[in-house]
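Below is one structure, written out as structure tokens; comments come after it.
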Amino acid sequence: MTNDPASPFGCSDSFDFEAFCKASSAIEPPLVALQHPVLCVVGPTASGKTALAQALAEELRGEVISADSMQIYRGMDIGTGKIYPQDRTVPYHGLDICDPGEPYSAALFQGYARSIFAQVDKKGSRSVLCGGTGLYVKAAIDCFDFPKGEQCENPVRNHYTQVLDTLGNLGLWNLLHEQDPASAEIIHPNNTRRVIRAFELLDQGKSYAKVHAQLAHIPLALPAFQIGLQVDPAILNARIDARVDAMVEEGLIDEVKALLNQGFREGICAPQAIGYKEIVAALEGEITLDQAIEQIKIASHRYAKRQRTWFKKDKRIYWISADSPNVEQMLSQIDKRLLQ
């Protein structure tokens, strides 16, 4: 077990099971009543979350719920690291929910995930939530209230999307900086989805910066244990690079071509669609294929760093070392009381 100073539950020699259970208990009464706590496997991309989650689900006769904001899209399989149907040994949920570019949100995922938790629990099975999209994980297990209009048909979002088309990324960000400088300072100008989200909150009299600061203190809405996979950054970057090369060999380029032929260009060129927008740029002659592959690797490294930063803030996570991708080694680090 790795000793993670950011978490009180990062060392097996000093693991306080009772304290961990207390931190992982839902508010009373829970918003979703479950017989068994949801088991969450979180961490950065390429850390081995899917393999561990499936192994845990096998051991617990459970089902896996993906908490990945890109794996929800049909046809985006290779580039999102989606587990292939033939490799699934347990039931999976949260995959192939909608078409690329179709509106979806953490608010929608919250309702979806909790309904699956209830269904799985009713069958006497165990839910294993697996993913690296931190907001999706929080939406599923925490008392996270989304404002009205967060799901679809949001007039404020539509308005600022039009402003974005007119002013561009930097222009929209500058507008936010004029109205809410504290929020603008913690959002990158190119993260237009988050910039627009800040405007939505402003419309409700709230500041994105203040809401963001409160994320680490939101209580659980249902009983849940979180297991985090910690990988040395150098090892993880090498693993990411190898995975990107493998994706290209497995047919990522053909997958992108197929999605373009189906009319999903806008969806797969979204800023968060790492691995797709770069290949589109190569196919359209803006960059070479080698440059696209290198850009995918760099963007993935940065994404993994952001994921580490997000999850490190949550003191309720029980961290294990995933420097080795060996599932048995990862399983051996988990206190068996968490699996009861």
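The values are calculated or read from the model by the stated rules, or taken from the named source; none is laboratory data. For clarity, every value in this text was computed on a predicted model and none was experimentally measured. Because the Cβ atoms are built from the backbone with ideal geometry, glycine has one as well, and the counts that use them run over all protein chains shown.
Entry remark, region 20-49: residues being crowded, with 23+ Cβ neighbours inside 10 Å and either part of a helix (DSSP H, G or I) or not assigned by TED's automatic domain parsing to the domain that holds K336 (or both) number 1 in total.
Being of a type in the set (A, V, I, L, M, F, W, C), buried (at least 21 other Cβ atoms within 10 Å of the Cβ) and touching a His at 6+ places or on another chain (Cβ under 9 Å) is true for just one of I268, I240. Which residue is that? Lay out the reasoning, then the answer.
Values: I268 fails: touching a His at 6+ places or on another chain (Cβ under 9 Å).
Exactly one of I268, I240 is of a type in the set (A, V, I, L, M, F, W, C), buried (at least 21 other Cβ atoms within 10 Å of the Cβ) and touching a His at 6+ places or on another chain (Cβ under 9 Å), namely I240.
Applying a threshold of 8 Å to beta carbon distances and a minimum spacing of six or more residues, or different chains, the list of pairs starting in region 78-92 at a residue that is on the phi < 0 side of the Ramachandran plot and ending at one that is among the hydroxyl-bearing types (S, T, Y) and part of a loop (DSSP other than H, G, I, E, B) reads G79/Y276. Within region 67-107, the set of residues being within 14 Å of the chain's Cα centre (by Cα) and over 20 Å from V128 (Cβ atoms) comprises Y73, Y104, S105, A107. Residue count for region 124-140 under the criterion of being in a strand (DSSP E or B) and in contact with a Pro (Cβ under 8 Å, 6 or more places away or on another chain): the result is 0. Every test in (1) modelled with pLDDT under 95; (2) closer than 19 Å to P271 by Cα is passed by D180 save one, and that test is (2). Screening region 165-186 for residues that are surrounded by fewer than 13 Cβ atoms within 10 Å (Cβ to Cβ) and among the charged types (D, E, K, R) and picking the one that is farthest from the chain's Cα centre (by Cα) gives E178. Quick check on R337: is it assigned to a helix (DSSP H, G or I), farther than 15 Å from L252 by Cα and without any contact (Cβ under 8 Å) to a residue 12 or more places away in the chain? Here the answer is no, as R337 does not meet what is asked.
Put simply, of G149, G101 the only residue that is at pLDDT below 95, outside the structural domain of A57 (by TED's automatic domain parsing) and over 24 Å from A26 (Cβ atoms) is G149. Of the residues contained in region 294-303, one or more are found to be at pLDDT 95 or above, surrounded by 14 or more Cβ atoms within 10 Å (Cβ to Cβ) and farther than 21 Å from N191 by Cβ.
I'm trying to understand the selection: among the residues of region 194-206, which are exposed (fewer than 15 other Cβ atoms within 10 Å of the Cβ) and in contact (Cβ under 8 Å) with a residue 12 or more places away in the chain? Give the derivation first.
Looking only at region 194-206, we keep the residues that are exposed (fewer than 15 other Cβ atoms within 10 Å of the Cβ), and these are 204-205.
Result: Q204, single match.
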